[in-house]
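For reference, the structure discussed in these notes is given below.
Only the coordinates and a few stated rules stand behind these numbers; no lab work does. Just so we're clear, the structure is a prediction, and the values are computed from it rather than from any experiment. Positions of Cβ are generated from backbone atoms using ideal geometry, with glycine treated the same way; all protein chains shown enter the neighbour counts.
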Amino acid sequence: MSAKLSVNVNKIAWLRNAREGKRPDLSDCCQTIVRAGAHGITVHPRSDQRHIRPTDVYAISDLVSQSGVEYNIEGNPSVGALPNGYPGFLDLVENTCPTQCTLVPDSHTQFTSDHGWELNEEVHFESVRTYIRRIHGIGPRVSLFLEPNIEMVKRARDCGADRIELYTGPWCELVSQHGLDSDFSKHSLDEFRSAAEFARSIGLRVNAGHDLDLNNVGQFCSEVCVDEVSIGHALISDALDYGLEDTVRRYLATIGRGS
């Protein structure tokens, strides 16, 4: 089974916001990504609106509904409406009904997602279960951002998640420091493989994301059985060298989805 590719377009919005204009045009870029063969578009509308903004969430929803690809909205479900115009994560979900919601335990001050959910604490478990029930009532499937921890995977199933998204940042960092074939990298990859296998054995499907790039995503997907990879920063950076459409095709080929 080859993983599907969902492209995170946050960094395109971040570049546009740097000049408060319309370039690069996010909708045009999403159309290019879809035309190149990507299976989905991912957005992570943070409450400080430093990249994806609520208007983008709605515009992309309209675009993907016409294109037939999946729409994945990431974020912390506990973040509500704010004075800066952010309507709240669940409000965005209710008004767009994406294909998937990936719940991430990030704070509004966090630079990027850097850890998974801690579900052993009953208060966290119950709050996440409540959010999942609410989102299921709207319609999307729910994925939980997790580290490759068997106990957390089990708890994700118990609180009603449909999928997990394995946080691949630590493995990618080891690969960057020591290489793909180092003992450090291999040991870490074994943990991801075990977590993914266990997740499937208890009825969960498996996504993965964070710091995956053209140099490492092929090996990850060949050794860890995943349904979907979500890639943003590296892919948009590579687009400066190869162009956006060609870059998407390179990623698809690397994960075994090339034409």
Cut-off 10 angstrom, C-alpha nodes, Gaussian network model of the chain. Which of Leu103, Leu15, Leu204 fluctuates the most? Leu15
For Leu82 and Phe184 in one chain, what is 0.36 nm times their gap in residues minus the Cα-Cα distance, to one decimal in nm? 32.4 nm
Nearest-20 debye value, region 1-85 charge dipole, Cβ charges on Lys, Arg, Asp, Glu: 260
Value of Rg to Rh for region 201-259 (Rh from inverse mean 1/r over Cα pairs, i.e. Kirkwood): 1.01
Taking the dipole about the Cα centre of the chain, with the C-beta of Lys and Arg at +1 and of Asp and Glu at -1, give me whichever of Val248, Ala36, Ser188 is farthest to the positive side. Ala36
Please identify, among Tyr167, Tyr86, Tyr71, the residue showing maximal mean-square fluctuation in a Gaussian network model of the chain using a 10 angstrom Cα cutoff. Tyr86
Expressed as a whole-number percentage, the relative contact order of region 136-203 with C-alpha contacts under 8 angstrom and at least six residues apart is 36
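At 25 °C and 0.890 mPa s, what whole-number value in µm²/s does Stokes-Einstein give for the translational diffusion of region 10-113, with Rh from the Kirkwood sum over Cα pairs?
Value of D from the Cα-based Kirkwood radius: 176 µm²/s.
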From the Cα gyration tensor of region 36-77, with a ≥ b ≥ c the square roots of its eigenvalues, which class applies: rounded if a/c is under 1.5, or else prolate if a/b is larger than b/c, or else oblate? prolate
Sequence gap at least 6, Cα distance under 8 Å: using those rules, report the relative contact order of region 17-118 to the nearest whole percent. 24
Could you pull the Rg and Dmax for region 72-201, using just the Cα atoms, both in Å? 15.9, 49
Note down the magnitude of the dipole of the chain about its Cα centre, charges +1 on Lys and Arg C-beta and -1 on Asp and Glu C-beta and zero elsewhere, to the nearest 20 debye. 700
Hey, how many Å between the Cα centroid of region 183-202 and the Cα centroid of region 5-55? 31
Taking the dipole of the chain about the Cα centre (Lys, Arg +1; Asp, Glu -1; charges at Cβ), the one of Leu146, Leu92, Val229 that reaches farthest to the positive side is Leu92
Give me the count of lysine pairs in the chain whose alpha carbons sit under 28 angstrom apart, restricted to pairs 8 or more positions apart or on different chains. 4
Pop the C-beta distance of Leu240 and Ser67 into the FRET formula with R0 = 25 Å and round what comes out to the nearest 0.05. 0.55
